[in-house]
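A.B. asks: My questions all concern the structure below.
The values are calculated or read from the model by the stated rules, or taken from the named source; none is laboratory data. Quick caveat: nothing in here was measured; it's all calculated off a predicted structure. Here the Cβ positions follow ideal geometry from the backbone for every residue, glycine too, while neighbour counts run over all protein chains shown. The area values use the complete protein model at the heavy-atom level, side chains included, leaving out ligands, DNA and RNA. Shrake-Rupley method; radii C 1.70, N 1.55, O 1.52, S 1.80 Å.
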Amino acid sequence: MNQTFQFSRLTLPAPKPTAAPIELLRREVESTFVEAGRNLEVSVDVLHGLRGQFTLLEQSLGAERSAELGRLIDDVNGQITHLRSDFDQFGTATDALRDAVRAIRTEVAELDRVVRTIANVSINARIQGNSLVPPRAQVAAFIERLGAMSDEAETILHEVNDAMSGAMSDISAMEYEHQDMLQELRRNVMPAISGFAGTSRRMRDGQKDLQIASQDLADQMGQIFSDVSRLIVALQIGDSTRQRLERVQDTIERCAEASPTQESLLIELAIGLINGARGDALSEVGAAVVALEDVNERALRTVRAASQSAFGRRALRNTSNGEAEQAALNSSLEASRQHFAAMQVQSNNVHDRLDIILRHEATLRRIAHEVRLAGINAVIICAKLGEEGRALRELAQWLRMLTDESDAIVQRLQGILAHSREIIRTVGEERIGGMDRSLSGFMVNAGTLGAIMRDISAAIEATSASFSGTAQVLPERVGAALRLLGGFRGRMTALDGYVAELEARRLQLPPPALPPQPGSEEELAIGDLRERYTMAQERMIHDALLLQVMTAAAQAPAAQDDLDDILF
């Protein structure tokens, strides 16, 4: 059997080994692990960015921000209650104001009747006075004075009526603005406020879920980050494999100038180094591949879970709804503020017109007083005239009755005007001003609340975008690393063919001359080779193979003698 094998070696000579396949493999290993490491580094960068996003999210969802959000929501809800109360009280106040102005108008109409009656009395007095023969100077003076006072009263009443018409017009305009504003409030503002407040409450109520989901996801992604970081370190096996292949290449290249016995030893060492490097690399890369597949699966599962959790769709929907509702609310509130401004102008106009009436009220009281005095003087004058002054005396008595009625009207008018002024002050300062102040306070708090909600929304959307980016990048990069490592494993397994060629060549060579003579070229070459090793595993393989070869060489003569005896 041994003879036959030796014959085959002689008839099928194998060439000296070349290191070209090892050199090519070494370069491929280097590029493979560099590219795989780069893919994992990108994955780490993406995960690191996601961890930073979770930090920002925690600031948006933290205890301090949560407390501020809760306080603002409570304030906004309280202001909503005040606003509704202010709206109701404004309607009651404007109804009272309209009733008061109507009462003023009624009294002014009565006063107008009295003044016109006095004017008629003045005309009759002039007729009666002109019929006196001879004319009486005192009667003429009375008639002239009465006519002048009557004209003045009519002029004042004309201004009062104009003021009353303007006041009623302003009140009607104010009521129109009020109705328009109420329609805006009922149709847009209140639903928008309620929707905004509801969204705010839902966001606050979901804050805890968001914090829990955020922390849970942060922990999971943090673990994945650590695992990928460790895998980058684990891929240092690529560098050690490259170095070990360099030693294999160096060993093979020495065969070109080596003697047959030296070449036999070098091939034996090269095969041992290849098998050792390949076994260690496949073992560690296999573990890395399993870990990478696990990381990839966990990362995808985590990202998918995030998109389905309270952290995902519902939070984004709440914040999106909150922004839309606040935009609608701001638009409606601005329209309401324009109504407030118009109502305030009209309220001031009513106040100014009531001031005109009050200012004329004092003049009317003076005229009534002077008419009364004139009536008294007329009675005295007519008494002196006797029967001739009887008609004038009756007119003077009638005039006194009219002035008494005028006094009563003015007295009532004074009270109604004072009441009306208080109502208009209430409408202007307390109701319109109160609604404006409540609305202004609400808008400030709602603006702050909206800003917080926008911050939360931006943080959630940014985190969601980071998740989307991670869900896309991580599988791509980890998948690329897995494919590269799979290719590496295939190339390392393909070394079987190269090792078979080395073994075929070794079988054609004489056994190594071991142990080498001290100081011989073989001893120096073996020592130089061992010194070039950079890893303990290489030296262990080297020493073990030398011991194995020397042991086999020591046993070889006895075996050969036995074989020779058999053949002989």
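A.B. asks: If you add up the charges near Asp45, with Lys and Arg at +1 and Asp and Glu at -1, over every other residue whose beta carbon is less than 11 angstrom from its beta carbon, what do you get?
C.D. replies: +2
A.B. asks: So for the pair Glu35, Arg51, with labels modelled 7 Å out along Cα→Cβ, what separation do we get in nm?
C.D. replies: A separation of 2.8 nm, rounded to one decimal place.
A.B. asks: Further question on the same structure: For the residue pair Ser229 and Ala256, what label-to-label distance in nm results when each label sits 7 Å from Cα along the Cα-to-beta-carbon direction?
C.D. replies: In this crude spin-label approximation the distance works out to 4.7 nm.
A.B. asks: Please list, in chain and number order, the residues 5+ apart from Thr18 or on another chain whose amide H is under 5 Å from its amide H, with Hs placed from the backbone.
C.D. replies: Residues meeting the amide H criterion: none.
A.B. asks: For His82, what accessible area in Å² do you get when you roll a 1.4 Å probe over the heavy atoms of the protein chains, rounding to the nearest 10?
C.D. replies: Near enough 120 Å² of accessible area.
A.B. asks: Where does the charge balance sit around Ser240 when Lys and Arg score +1, Asp and Glu -1, over other residues with C-beta under 13 Å from its C-beta?
C.D. replies: Residues close to Ser240 contribute a combined charge of -1.
A.B. asks: Between Gln243 and Ser283, what length in nm is gained on full extension when 0.36 nm per residue of separation is reduced by their alpha carbon distance?
C.D. replies: 12.7 nm
A.B. asks: At a Förster distance of 25 Å, what's the computed FRET efficiency of Arg113 paired with Glu422, Cβ-Cβ distance as r, to 0.05?
C.D. replies: 0.35
A.B. asks: Next question. Less than 10 Å Cβ to Cβ from Met535, Lys/Arg counted +1 and Asp/Glu -1: what total charge do the surrounding residues give?
C.D. replies: Here the charged neighbours net out to +1.
A.B. asks: Between the stretch 142-172 and the stretch 394-471, how many Å separate their Cα centres?
C.D. replies: 32
A.B. asks: Between Arg84 and Ala408, how high is the FRET efficiency from 1/(1 + (r/R0)^6) when r is the Cβ-Cβ distance and R₀ = 41 Å? Nearest 0.05.
C.D. replies: Calculated transfer efficiency: 0.45.
A.B. asks: Percent of accessible area on the stretch 64-108 owned by carbon and sulfur, 1.4 Å probe?
C.D. replies: Answer for the stretch 64-108 is 45 percent, counting heavy atoms of protein chains only.
A.B. asks: Right, another one. Name all residues of the stretch 263-291 having a backbone nitrogen under 19 Å from the label point set 7 Å from the Cα of Asp496 along its Cα→Cβ direction, giving them as ranges.
C.D. replies: Only 271-286 fall inside the zone, counting backbone N under 19 Å.
A.B. asks: How high is the FRET efficiency between Glu531 and Leu507 when r is their beta carbon distance and R₀ equals 22 Å, given to the nearest 0.05?
C.D. replies: Values: r = 29 Å, r/R0 = 1.32.
Computed FRET efficiency for Glu531 and Leu507 comes out at 0.15.
A.B. asks: Describe numerically, in nm with one decimal, the distance between label points set 7 Å from Cα along Cα→Cβ at Ala148 and at Asp95.
C.D. replies: Between Ala148 and Asp95, the label points sit 5.0 nm apart.
A.B. asks: Could you give the length gained by full extension between Ile380 and Glu476, i.e. 0.36 nm per residue of separation minus their alpha carbon distance, to one decimal place?
C.D. replies: 22.6 nm
A.B. asks: Give me the 1.4 Å probe accessible area per residue for the stretch 235-280, excluding ligands and nucleic acids, in Å².
C.D. replies: 31
A.B. asks: I've got another one for you. On a C-alpha basis, how far is the centre of the stretch 65-134 from the centre of the stretch 248-272 in Å? Whole number, if you could?
C.D. replies: Cα centroid to Cα centroid, the span is 119 Å.
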